[in-house]
1. Sort out for me the strands (runs of 3 or more DSSP E) sitting completely within the range 37-85 that have 1 or more residues that are touching a helix residue (DSSP H, G or I) at 6+ places or on another chain (Cβ under 9 Å), open to solvent by 30 Å² or more (accessible area, probe 1.4 Å) and among the β-branched types (Val, Ile, Thr).
2. Evaluate the range 286-293: report whether one residue or more is in a strand (DSSP E or B), open to solvent by less than 30 Å² (accessible area, probe 1.4 Å) and at pLDDT 95 or above.
3. Suppose we filter 418, 426, 479 for residues that are without any contact (Cβ under 8 Å) to a residue 40 or more places away in the chain, more than 16 Å from residue 548 (Cβ to Cβ) and in contact with a strand residue (DSSP E or B) (Cβ under 9 Å, 6 or more places away or on another chain); which single one remains?
4. Take the residues in the range 207-241 that are more than 23 Å from residue 150 (Cβ to Cβ) and free of Cβ contacts under 8 Å to residues at least 24 places away in the same chain; name whichever of them is least open to solvent (accessible area, probe 1.4 Å).
5. When only residues in the range 354-395 that are over 25 Å from the mean Cα position of the chain (by Cα) and within 29 Å of residue 106 (Cβ to Cβ) count, which is least open to solvent (accessible area, probe 1.4 Å)?
6. Tally time: how many residues in the range 520-539 are in contact with a strand residue (DSSP E or B) (Cβ under 7 Å, 6 or more places away or on another chain) and crowded, with 19+ Cβ neighbours inside 10 Å?
7. Can you go through 456, 393 and tell me which one is in contact with a Gly (Cβ under 7 Å, 6 or more places away or on another chain) and in a loop (DSSP other than H, G, I, E, B)?
8. Does residue 468 meet the test of being part of a loop (DSSP other than H, G, I, E, B), touching a Ser or Thr at 6+ places or on another chain (Cβ under 9 Å), surrounded by 24 or more Cβ atoms within 10 Å (Cβ to Cβ) and touching a residue at least 12 places away in the same chain (Cβ under 8 Å)?
Amino acid sequence: MGHTESWSGKISRKLLKKRRVIDVAAGREKADLVLKNATYVNVFSGTLETCDIAVAEGLVAGLGSYQGQQEVDMTGKIVCPGFLDAHIHLESSLVSPAEFARAVLPHGTTTVITDPHEITNVMGTDGIDYMLCATQELPVDVHFMIPSCVPASPMDESGANLDYRDIDSFFDHPRVLGLAEMMNFPGVIASDPGTVSKIVASQAHHKKIDGHAPGLRGNDLNAYVAAGVYSDHECADLEDAMEKLKLGQFVMIREGTAARNLEALVDLIKSEKCYSRCMFCTDDKHPSDLLEKGHMDYICREAVRLGADPIRVVQVACHHAARYFLLNNRGAIAPGYLADFAVVEDLKDFHVVQVYKRGQLVYHDGQVADFPLPHIPEHLDAAAHDTFHLPALTASDFAESRPRGVIGMVPGQIITQDAGYAQQVDVTQDILKMAVVERHRNTGHIGVGYLKGYGLKSGAVATSVAHDSHNIICVGENDRDMALAANRVTQNHGGIVVVEKGRILAELPLEIAGLMSGKPLPEVNTLLENAKAAAYSLGVGRDIDPFMTLSFMSLPVIPTLRLTTRGVFDVGTQKYI
């Protein structure tokens, strides 16, 4: 009886709210908020309209002429629907989800779709639970795609190995929208049962499946799409994007920190026939980018600079992603939609002056409104701060007794090439020792190889941000400094460390799963930039990011050579060398 009464009470409250929205829309009651004389982007007609926007109970009640308990004159400004990032890994910001929200609100972002596969590779399903708790009731709505590839490859050693049974229950969560980027496209094409079962599980819950298939063509692409993968954010050129679009996939145009594809794909937005199948995403967004460039507002600004129509740009920045993900009450300014607004000065620079979330002013005059931090259960918080399980390392742990493969960096890209073999460090030839240390299960596995093209002349660099399994990856000119750097990462419960001659030059602790800091974004950025400066002072090439570049050297799904905890791995032949 108690359950029935509780449900009845909930229905009654919803009924009262709905009736009030209707009464405000009909003009029988004053609105909670009215944006007077608002010029707004109508994403349905593709036009600018001017009228009053009435808000009640967090929703747009009506467009026309209204009175409100609070009225704000919008003359001279343009009201856009709140922007939506269609695919991001929140962990890439290196800060907590609450701090991420505080960073992107000033840029008009009100909704993001996150794939927590970074923390899930460390903590397993506890990582998903942690992120669900850490994003609850933030002033930026955070929806989830459940990681599809943990680990990214069976050749990797992560903190968990998840099959469809491990993730199935998450599809019932109201903020879970589907299965995240299916990186294992070879498994889909080969009809591997374990891979396909995850797709079937998501579809059984009527959820989406996102893609990750750079350069996939022909019948292989047909097989991938036929399996139910209806989007892709890995299109690096127009030809690739058009082939996928013609087969029915939505194209997520990515402009982040690690990969920037907007300029190559902007013609899709210029095309009358194609732009409706496009949306924007960042994938990864690092602290300096958030602070110096912005978030979705930056992509809008760049797209317009590249010649795209501003109205279409706004449609791509909000409405198309909302439609794809079936978020039917957002991405537009219309009756019944969430009152999420990004108020900008114009549709050229997209300078955001105000942000409203469900009708509440959450950003104004350069200030983000205070909001309560989400509650994270004690057991999840403790687990997230205890993810390093390995003994102290010594120089002898990095010793090698035979020639090892040399991974050759390719300037400006995260792909690598086979640079032969080496048996020792040779800084005159820019050949450094590199190691990946397993840190999740105390296996003692340490993969050793060599790296060419990094530029380091002395000392060592280590980080626990090592895609996608996030073991400790370190590179150095000598074994002692490599051991010191790796040990310091462990002592800090994660992060980035730069050392030389037994001395720590700079460090950024990332104590949350070895991926994120609990500190404010500006402070994290300062520590990160100090660490970059230290790495550059040791000779790392200034045309690369010392840590982002290193973090991809252990990802065994990108050609040609990678280093795992078991040694140098040839992605093409799927063999260790």
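1. 47-56
2. no
3. Sole residue among the options that is without any contact (Cβ under 8 Å) to a residue 40 or more places away in the chain, more than 16 Å from residue 548 (Cβ to Cβ) and in contact with a strand residue (DSSP E or B) (Cβ under 9 Å, 6 or more places away or on another chain): 426.
4. Going through the qualifying residues, I end up with 218.
5. Here the residue is 359.
6. The qualifying residues number 8.
7. That would be 456, the only listed residue that is in contact with a Gly (Cβ under 7 Å, 6 or more places away or on another chain) and in a loop (DSSP other than H, G, I, E, B).
8. For residue 468, the condition - part of a loop (DSSP other than H, G, I, E, B), touching a Ser or Thr at 6+ places or on another chain (Cβ under 9 Å), surrounded by 24 or more Cβ atoms within 10 Å (Cβ to Cβ) and touching a residue at least 12 places away in the same chain (Cβ under 8 Å) - is met.
The values are calculated or read from the model by the stated rules, or taken from the named source; none is laboratory data. Because the structure is predicted, anything quoted here is derived from the model rather than measured. Quick reminder, even Gly has a Cβ in these numbers, built from the backbone with ideal geometry, and neighbours come from all protein chains shown. These accessible areas exclude ligands, DNA and RNA; they are computed on the full protein's heavy atoms, side chains included. Shrake-Rupley method; radii C 1.70, N 1.55, O 1.52, S 1.80 Å.
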